[in-house]
1. Hand me the chymotrypsin sites (Phe, Trp or Tyr not before Pro) from segment 221-260 located in a DSSP loop with no more than 14 other Cβ atoms within 10 Å, in residue order please.
2. Dipole magnitude of the chain about its Cα centre, charges +1 at Lys/Arg Cβ and -1 at Asp/Glu Cβ only, in debye to the nearest 20?
3. Using label points projected 7 Å from each Cα along Cα→Cβ, tell me how many nm separate residue 396 and residue 153, to one decimal.
4. Multiply the residue separation of residue 70 and residue 108 by 0.36 nm, subtract the distance between their alpha-carbon atoms, and state the gained length in nm to one decimal.
5. Going 7 Å from the Cα of residue 63 along its beta-carbon direction, which residues of segment 76-97 have the amide nitrogen within less than 20 Å of the resulting point?
6. Under 16 Å from the Cα of residue 438, which lysines turn up, not counting those fewer than eight places away in the same chain?
7. Rounded to the nearest 500, what is the chain's calculated 222 nm mean residue ellipticity when only DSSP H runs of at least 4 contribute -39500 (n - 2.57) each, over all residues?
8. With point charges of +1 on the Cβ of Lys and Arg and -1 on the Cβ of Asp and Glu, referenced to the Cα centre of the chain, which listed residue (176, 412, 238) lies farthest in the positive direction of the dipole?
Amino acid sequence: MADVSLVSDSLRSYEPRDIWSTKVRRRGYQRWRLLQSQIDLYYFWEKRWFFIAMAIGFAMLVMPQPEGLTREGQIVLTMSVVAVILFVTEPVPLPTVALLIIVGQVLLLGIESTTVAKTLMTDSVLFIMGSLMLAVAVVKQKLDIRIAWLIVRMTGTKTTRICFGISLVSGVLASFVGEHTVAAMMLPVGITLITLTSDDPKQVRRLAAVLLFSISYGCSVAGIGTPSGGARNAIMIGYWKEFFFDPTNPETRKFLIDYVTWIAYAYPIFLVQLPFVTLILCWTFKPEYKTLSRSVAKLRQQVVLQGAMKPADWLAIFLFGLILLGWIFLSEDTGLGTIAVLGAALFLIAGLVQWEDVNSGVNWGVVLLYAAAISLGVQMKDTGAAQWVAESFLNLMTPLGAEEGLGLWAAVSALTTLVTNTMSNGAAVAVLGPIVLKMATVAGESPIILGFITAISSAFAYLTVVGTPACTIVYASGYLKTTDFLVVGWRMVVISMIIMMLAASFYWPLLGN
């Protein structure tokens, strides 16, 4: 009996503890479930724009097919809208969007994967990849420090003056060489000034935006300056000749726009825009440092420590000079991308940079993103979606008085701006050029005026990362967000349109065409 009572006492003594531990487990489980549900809600909240974009895409796919738009065009248009939403809101990494674009072309459009792959690796993509590799090589040789020092010596240490100097140098070079080339060359310069100011990106968030946008926007506004500033300019010159020039009619010789004539129309617009680039950037982001005297002092110290130019430095300059000459004189036959990749290979062969440095320094996700965007732009053109958007947009503008005069100019500019922010500026002019020039004939407007408005407006790709190679290149630095392009981009669009409309109304008529 003693043993039984002892056992029963032991059970009674342990019973409350067992009940208590059970309650603890239940409460712990309940708290775990609550925490798990909160995590799930947090996940869906963080990814809400992804699901919203997918819902919008599904709704666009099942809606009745618009008149004049093919089923393939409807699918491509849907993919473009979804991609733009994801580009802007960024609920998932941007390279993920690129992967979805590739998969969507295969599954939704029924295009063979091999065909899609061919549209991905274009010369423009090779150029972006090669340019980023060259930028790493320039930084490795610390040539960016010497270039930054030259700019600072011209401008002084005040932040606004340095930004204007960067825009001016980038712009003047880009107006003749091409914006993508100059953006790749100047990116290390901007990063040097940023890192010398602070190693913590959070401490120089707004300063980085001002300096890097000074490069991309300086290049973009300058790309309109000369025929060699961008492919879109040469495309429009070709359209004028093809559509309107008649060798038997001397009066049509005005449609043979030469290098000097283009400069007369477009270069003043670039020069007028330059000060506004600095004003808008500094007003929008308000950099943390009004003067960069401390970083300039560090820059001067680094230049002194580097000492005289070494043989490796001269070799790097020589190779980069060869690449630059190749871009200017050989790109028409071999392509910009081939020369850029060859240049990167030469730096590797010469031992001026190691592959480990290139592999860690290049943002390969940006290369993939730009490749997918170009591929989608090709489908926009091939399926007729781009032309349908252009015609539908202009039909909507007619009741607003946009069928002639200033209203038509504004409509063409707005349409070109919209299209060029979703595909390359060259593709935008290639698609819209014939429509706009035919429209000018019907409306009794000057084809030269409307042609210049279209070509110049294609440079207003300030709103998205993939609008121009210059924007893509500075975004690859990692200091910018996709929303930054929207925040400052709409201001740049407005001021650029105003300047261009004033030129079209008062300056261009003085040139006689």
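The values are calculated or read from the model by the stated rules, or taken from the named source; none is laboratory data. This is a predicted model, so every value here is computed, not measured. Please note: Cβ atoms are built from the backbone with ideal geometry, for glycine as well, and neighbour counts cover all protein chains shown. Areas reflect the complete protein model, heavy atoms only, side chains present, ligands, DNA and RNA absent. Shrake-Rupley method; radii C 1.70, N 1.55, O 1.52, S 1.80 Å.
1. Passing both the DSSP loop test and the Cβ count: 245.
2. It works out to roughly 1940 debye.
3. Distance between the two pseudo-spin positions: 5.3 nm.
4. 12.3 nm is the gain from fully extending residue 70 to residue 108.
5. The answer is 76-89, whose backbone nitrogens lie closer than 20 Å to the label point.
6. List returned: 241.
7. Values: 24 runs with 394 residues, N = 513.
Rounded to the nearest 500, it is -25500 deg cm²/dmol.
8. 176
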